[in-house]
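**Student:** Here's a structure for you.
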Amino acid sequence: MSVSPTEGRREARPAGAGAAARTTVKDLKGRVEPDWCPGCGDFGVLSALKQAIVELGLQPHEVMVISGIGCSSNLPGFINTYGMHTLHGRALAVATGAQLANHELKIVVTGGDGDGYGIGGNHFLHTMRRNVDLTYIVMNNQIYGLTTGQVSPTSVKGMKTKSTPEGSIENPINPIPLAIAAGATYVARGYTGQVKHLVELIKGGIRHRGFALIDAFSPCVTFNHDNTHDFFKQRTVKLEDRGHDPTNFAAAMEQGYRWGDEIPIGLFWKREDIPSLDELEPVLAEGGPLARRPLGVPPDVARSLIRDLM
Amino acid sequence: MSRYDLSIGIGGAAGQGIATPGDILARLFVRRGLHLSAYNAYQSIIRGGHIFLTLRTSDEPVLSFGDKIDVLIALNQDTMDRHLRLMRSGSAVLYNADKIKPGNAEPGVQLCHFSVKELAPGVKGDLVQNTIALSALLRLIGVEFKVLEEIINVQFRRKGPTVIEENLAVARAGYEYAGSRFQPFPWPLPDTGKRLAFFEGNQALAMGGAAAGVRFYCAYPMSPSSGVLHWMARHARQLGIVVRQVEDEISVINMAIGAAHAGCRAMCATSGGGFALMSEALGSAAMMEIPVVCINVQRAGPATGVPTKTEQGDLWQVMGAGQGDYPRIIVAPTNIPDCFKTVPRLFNLVDRFQCPGIILSDLLLSEGRASVDPAELDFNVPIDRGEVIGLNGALAPDGGYKRYRLTESGVSPRALPGTPGYMHTVATDEHDEDGVLISDEYTNPHKRRAMHEKRMRKMQGILAEIEPPKLFGPEEAQVTLVGWGSTEGVIREAMQRLAADGIAANNLQVKWLVPFHGEAVTRLLTKGAKTIIVENNYSGQFARYLRSETGLAADGHIRKYDGEPFMPHHIVDGVKAILSGAQRVYVPVHEIMV
Ligand SMILES: Cc1ncc(C[n+]2csc(CCOP(=O)(O)OP(=O)(O)O)c2C)c(N)n1
Ligand code: SF4
C-alpha cells in the first residue's frame, strides 16, 4: 500500500484521555444490519470506514456520521457512532453547522452521487470553497438507487435508465476536477472493490485538516448494468502505482479527466497550507467548542450593549 | 404637564442623507427621556425614489407612528408635492427655497423657507440643506443651540476641526434665521430628566438571541431581515457568536440544525421567500427533535413581492411550512421590546420541547424603531436547556439509552454528540425509540403511530407553558378589536381615539399563534362585544385561522395590503363604518404616497 502518508497538521486525537479501550470493528457495529442489496458497493464503504476509525484510534463517540437520503445515505444507521440521517442533499450544510458548533468532533459525511452532486450541488460547491474540516465520502454508483434506477448527475452520456429510455443526453459531472477547482484540499477516488486502498484514502481524509472528498465507485448491482464491478475491475488503476504527485495541480487535473480503458483511483490532490473554516473563524480561536461554552451575556458586555442604544 | 406629541416627517430621495438627521433627532428625544416611534417608508433602490421617515415623540409611550405630521422637512420637490396637501393648520414645512417651490397649503400651515445660497454662501454639497433644516427645526421646537453644537462636534469628530467649524457656522446661521423668521411651536421639547434607549426590531431580535445564549447564527441576506444578520456580525467577536452568511436559505436552516444538534443554541432569520426554501428542513428539525429558532420577517408578497414594504401575509405559509403534522411553536411578538423578550423565552421552550420555533415579525416591527426604558433590557434571563444528558443531571433510564424513548410528555432526554456512551443516530425518516428507521422493518404501523403521538404530545405541554391572550382595555366594550403581532400599538391608539368618540373598544392581541389557546379565546370573544379583526393582509389569514380553531366568525374585518402599515385613523374609520353596518370588510385608503 503506497498511498502517500497524509499527516494533517493536527493528528487525530487518541481516545478520551487514553483511558478508554481501543475501538474494535465490533464496537462499531450498528443496531441494524444494512438493508442494501447483496453485492451493493456500499458495503465496501461501510467496512472501510469502520476500519479507518479503528486504525485511527478514534472512539465511537468522537465521530459523527452525517448523510442525506438515498440507499448510500442510510449508512449512519449501520455504524455505532453519533449519526444524523438528514434530508436529501442537505448533509453538507448540516455537517458544516455541526462542525462549527463542535470542532472537536470528527465529521464524516456519507451519501450518494444524486444526493451530493445533484440536489446538494450548491452545498457541495460552497463546502469545498470554505474548506470545512470534514470527510465527504460519495458512494458513486452513477444512478439513483433508492428511487429505483433513474439517471444521476454522474451517469455517462447515453446511459439508458427508467427516466432516460432513449439514453441520457446530458454530460456527466466529473467530481474530481470540479472539487480541485472549487477549493477542496484533499481529493481522492476509491473503489469499493478495493477496500484496503479505500481505508487508506478515508484515513487520510479524516486526518486531513480541511475538506476531503473521497468519491468512491460503489456499483449498484440492481439498477446500473453498465458500471458494474467487472467494469471497474478491468479499468481502475492506482495513481500511486503511476508515480502521481498529489501536490502537482496540473497532473491532478489531467488524471482527474481520464476516463476510458484506464480509470485512475487514489489521491489526486492535496494541499496542507490552507486553513480550514474553523481555524479561520476568530470566535473559535479560544474557549473550546461553541457547544460547550456557557450561555448568556456577561453583565459588563450587556451594559455596553445598552449604552450603545442610548 | 399636557401630553406632548410631536411628529416629524423627513422626505427626500435615497442618497439625500435622511438617516443622519433622523438618527440625531431620535437620540435627542430619548436622551431627554421622551418616547419615540420611528418608521421609514422607503423603496428598493439605492439612489432616487422617495423615502419618508416619520419620527414621533411624546412624554408618554408612543403606540404608533401616528396620523399627522407636525413638521415636514422636504428635501426635494417630490416630497413637497406628495405631502404638502396633507399638512394641517398649526404644522410647519421646512424647505430650501432655492430649489423647492411649495404648492397650495391649507390655511394655518407655516411655510418655513430658507435659502442655502444666502445662509451658507460658498458651501458646496447638498447636505448643507439638511443641516440648516435640522437647526431650524430645533429652533422651532425650542431646543437650545448648545445641544446642536454638541451633536455636530460628535458627528464630525473624525472629519477634523475645519469641517466641524464649517458645519457649526451653517447650523448657527440656520438657527438664528429660524429664530427671527419662524413662529416656534407653543410647547418647547420637554426634558423628563430620564434617559431612554432606542433600537429597531431587528436589533431587538438579535439582542434577544444574544441574551438567550445563541452561539451560532447564520443567514442569507434578505430584506427586511438582514438587520439581524448585521447586528450579529457586528457583535460576533464581542459576544462569542459564530456568524456566517451562507449560500442559500436551505443551507441556512440546515446549518443551524446541525449546530443545534451538536449542542449550540442556533438561530437564523429570513423573509417570506427564504422561509419558503426552509420548509422541508423545519419539519426535519421536528422529526429529529432538534431545537432551533427561525425568524421570518414578513414583507409584502407573493414571490419577491415588495421587498421594502410591510405585510402580515405569511401566516398560512408558516403554519403550513413542511410536510406532515409536526410539533412547533409559532409566536408573533407584538412590539419592539417584546421582540427582545420573546427570543429567550422561545429558546427555553424549544429546548424543553425539542422542536423548531418560528418567530413571525414584519417590516413594521423589524425596521421600525422604538424607545425603551433601559431597565426593561434584562440580558440576565433564565436559561432552561431542557433534558440534556450530562448537562443537568438527566441520565439514561435503566435498559439503555433510547434517544426517542416514548414518554408521557413526548420529550425524551437528548445526548449531545461527543458524549461518551450514548451513541445514536437521529433521522428524518420515521424511526423507533432507539432511532432505528421504521422502514428498516419494512414499516410498522404500530411504531409509527406511537412515535407520531409521542411527538405531537409535546403540543399540550407547550400550550400549558404559554399564557393565553388577555383582553386589554375596558371589560365592557362595544367592540373587541382582534389583532396579532405587530398591530398591537396602532390598535391601542385607535382604541383611545374611539373612546374619545364615545365608542368603548377593547383589544385581544394574539402573540402565541401555535399552539393556540382556542378555549380561552372563545370565552373572551363570546361576551357580547362585536368582534372586528384587524390585519395587514388581503385574505384575512388570521380570521380564517381563528375560525378554524374556534368556529368563531368575526363581525367585521379591517384589512390593509398596500404595503404600508395601518395608521390609527384607518382603524377608527373602519370600526365606525362596520358599526354603522356599511361594510364587513373595510379596506382603508393610504393617503400618503410613499
Ligand atoms: C426533496 C427530495 N426529493 C426527492 C427525494 C427522493 N429521493 C430519495 S433518494 C433519491 C436519489 C438517490 O440517489 P443517490 O443520492 O445517488 O443515492 P443512491 O440511492 O443511489 O445511493 C431521491 C431522488 C427525496 N427524498 N427528497
Ligand atoms: S438499489 Fe443499488 S444502490 Fe441501492 S442498495 Fe441496491 S444495489 Fe445498492
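**Student:** Name every residue in region A:50-76 that is open to solvent by 20 Å² or more (accessible area, probe 1.4 Å) and within 13 Å of ligand 2 (Cβ to nearest atom), in order of residue number.
**Tutor:** Scanning region A:50-76 gives A:Ile69, A:Cys71, A:Asn74.
**Student:** Let me ask another. Only one of (1) assigned to a helix (DSSP H, G or I); (2) touching a residue at least 12 places away in the same chain (Cβ under 8 Å); (3) farther than 30 Å from A:Arg129 by Cβ is not met by A:Ala302, so which one is it?
**Tutor:** Among (1) assigned to a helix (DSSP H, G or I); (2) touching a residue at least 12 places away in the same chain (Cβ under 8 Å); (3) farther than 30 Å from A:Arg129 by Cβ, the lone unmet condition for A:Ala302 is (2).
**Student:** A follow-up question, please. Looking at (1) within 14 Å of chain B (Cβ to nearest Cβ); (2) within 30 Å of A:Thr147 (Cβ to Cβ), which one does A:Gly260 not meet, given that it meets all the others?
**Tutor:** So A:Gly260 meets the others, but not (1).
**Student:** Give B:Gly12, B:Gly90 a once-over and let me know the one that is within 30 Å of B:Asp191 (Cβ to Cβ), touching a residue at least 60 places away in the same chain (Cβ under 8 Å) and outside any helix (DSSP H, G or I).
**Tutor:** Only one candidate passes the filter, namely B:Gly12.
**Student:** Continuing with the same structure: Can you tell me which residues in region A:175-234 are of a type in the set (Asp, Glu) and in a helix (DSSP H, G or I)?
**Tutor:** Residues satisfying the conditions are A:Glu200, A:Asp230.
**Student:** All but one of (1) assigned to a helix (DSSP H, G or I); (2) touching a strand residue (DSSP E or B) at 6+ places or on another chain (Cβ under 8 Å) hold for A:Pro264; state the number of the condition that does not hold.
**Tutor:** Here A:Pro264 clears every test but (1).
**Student:** Would you be able to say whether some residue in region B:436-445 is within 30 Å of A:His103 (Cβ to Cβ) and either open to solvent by 20 Å² or more (accessible area, probe 1.4 Å) or within 11 Å of another protein chain (Cβ to nearest Cβ) (or both)?
**Tutor:** Just the residues of region B:436-445 that are within 30 Å of A:His103 (Cβ to Cβ), to begin with: B:436-437.
Subset that is either open to solvent by 20 Å² or more (accessible area, probe 1.4 Å) or within 11 Å of another protein chain (Cβ to nearest Cβ) (or both): B:436-437.
Taking every residue of region B:436-445 in turn, at least one turns out to be within 30 Å of A:His103 (Cβ to Cβ) and either open to solvent by 20 Å² or more (accessible area, probe 1.4 Å) or within 11 Å of another protein chain (Cβ to nearest Cβ) (or both).
**Student:** Can you name the number of the only condition in (1) within 13 Å of B:Val318 (Cα to Cα); (2) away from chain A (no Cβ under 12 Å) that B:Leu282 fails?
**Tutor:** Every listed condition holds for B:Leu282 apart from (2).
**Student:** Among the listed residues A:Thr86, A:Thr96, which satisfies the condition of being surrounded by 21 or more Cβ atoms within 10 Å (Cβ to Cβ), away from ligand 1 (no atom under 15 Å from the Cβ) and facing chain B (nearest Cβ under 7 Å)?
**Tutor:** Of A:Thr86, A:Thr96, the one residue that is surrounded by 21 or more Cβ atoms within 10 Å (Cβ to Cβ), away from ligand 1 (no atom under 15 Å from the Cβ) and facing chain B (nearest Cβ under 7 Å) is A:Thr96.
**Student:** Take the residues of region A:91-131 that are in a loop (DSSP other than H, G, I, E, B) and touching an Asp or Glu at 6+ places or on another chain (Cβ under 8 Å): which is nearest to ligand 2 (Cβ to nearest atom)?
**Tutor:** Ranking the qualifying residues of region A:91-131, first place goes to A:Leu105.
**Student:** I'm trying to understand the selection: among the residues of region A:279-291, which are in a helix (DSSP H, G or I), facing chain B (nearest Cβ under 9 Å) and surrounded by 16 or more Cβ atoms within 10 Å (Cβ to Cβ)?
**Tutor:** Listed by number, the residues that qualify are A:Val283, A:Leu284, A:Leu290, A:Ala291.
**Student:** A further question follows. Between a residue in region A:137-155 that is open to solvent by 10 Å² or more (accessible area, probe 1.4 Å) and assigned to a strand (DSSP E or B) and any residue that is near ligand 1 (Cβ under 8 Å from one of its atoms) and among the aromatic types (Phe, Trp, Tyr), which pairs come within a Cβ distance under 7 Å, given they are 6 or more apart or on different chains?
**Tutor:** From residues that are open to solvent by 10 Å² or more (accessible area, probe 1.4 Å) and assigned to a strand (DSSP E or B), the pairs are A:Gln150/A:Tyr144.
**Student:** Quick one: which of B:Asp5, B:Asp70, B:Asp78, B:Asp23 is under 23 Å from B:Pro588 (Cβ atoms) and out of contact with any Lys or Arg (no Cβ under 8 Å at 6 or more places or on another chain)?
**Tutor:** Only one candidate passes the filter, namely B:Asp70.
**Student:** Tally up the residues in region B:20-54 that are closer than 15 Å to B:Phe199 by Cβ and not in a strand (DSSP E or B), please. Reasoning before the result, please.
**Tutor:** The first filter runs over region B:20-54 and keeps only residues closer than 15 Å to B:Phe199 by Cβ, leaving B:22-23, B:26-27, B:29-31, B:35-40.
Remaining after also requiring not in a strand (DSSP E or B): B:22-23, B:26-27, B:29-31.
Selection size over region B:20-54: 7.
**Student:** Which condition from (1) touching a Leu at 6+ places or on another chain (Cβ under 6 Å); (2) within 25 Å of B:Ala19 (Cβ to Cβ) is the one that B:Ala120 breaks?
**Tutor:** (1)
**Student:** Looking at (1) more than 10 Å from every other protein chain (Cβ to nearest Cβ); (2) within 21 Å of A:Asp278 (Cβ to Cβ), which is the one condition that is false for A:Gly116?
**Tutor:** (2)
**Student:** Pick out the one residue from B:Arg455, B:Arg492, B:Arg449 that is more than 14 Å from every other protein chain (Cβ to nearest Cβ) and free of Cβ contacts under 8 Å to residues at least 12 places away in the same chain.
**Tutor:** The match here is B:Arg449.
**Student:** If you check every pair at least six apart or on different chains, which have Cβ atoms under 7 Å apart with a residue in region B:248-264 that is within 7 Å of another protein chain (Cβ to nearest Cβ) first and a residue that is assigned to a helix (DSSP H, G or I) and of a type in the set (S, T, N, Q) second?
**Tutor:** So the pair list comes out as B:Asp248/A:Asn122; B:Met255/A:Thr96; B:Ile257/B:Ser284; B:Gly258/A:Thr96.
**Student:** Further question on the same structure: Can you tell me which residue in region B:409-450 is farthest from A:Phe78 (Cα to Cα), limited to those that are charged (D, E, K, R) and modelled with pLDDT under 90? If you could, list the steps in order and put the result at the bottom.
**Tutor:** Step one: list which residues in region B:409-450 are charged (D, E, K, R), which gives B:414, B:429-430, B:432-434, B:440-441, B:447-449.
After this cut, where a residue has to be modelled with pLDDT under 90 as well, the list is B:440-441.
Working: B:Asp440: 11, B:Glu441: 14 Å.
Only one residue fits best here, namely B:Glu441.
The values are calculated or read from the model by the stated rules, or taken from the named source; none is laboratory data. Just so you know, these numbers come straight off a predicted model, no measurement behind them. We place every Cβ from the backbone using ideal geometry, glycine too, and count neighbours over all the protein chains shown. These accessible areas exclude ligands, DNA and RNA; they are computed on the full protein's heavy atoms, side chains included. Shrake-Rupley method; radii C 1.70, N 1.55, O 1.52, S 1.80 Å.
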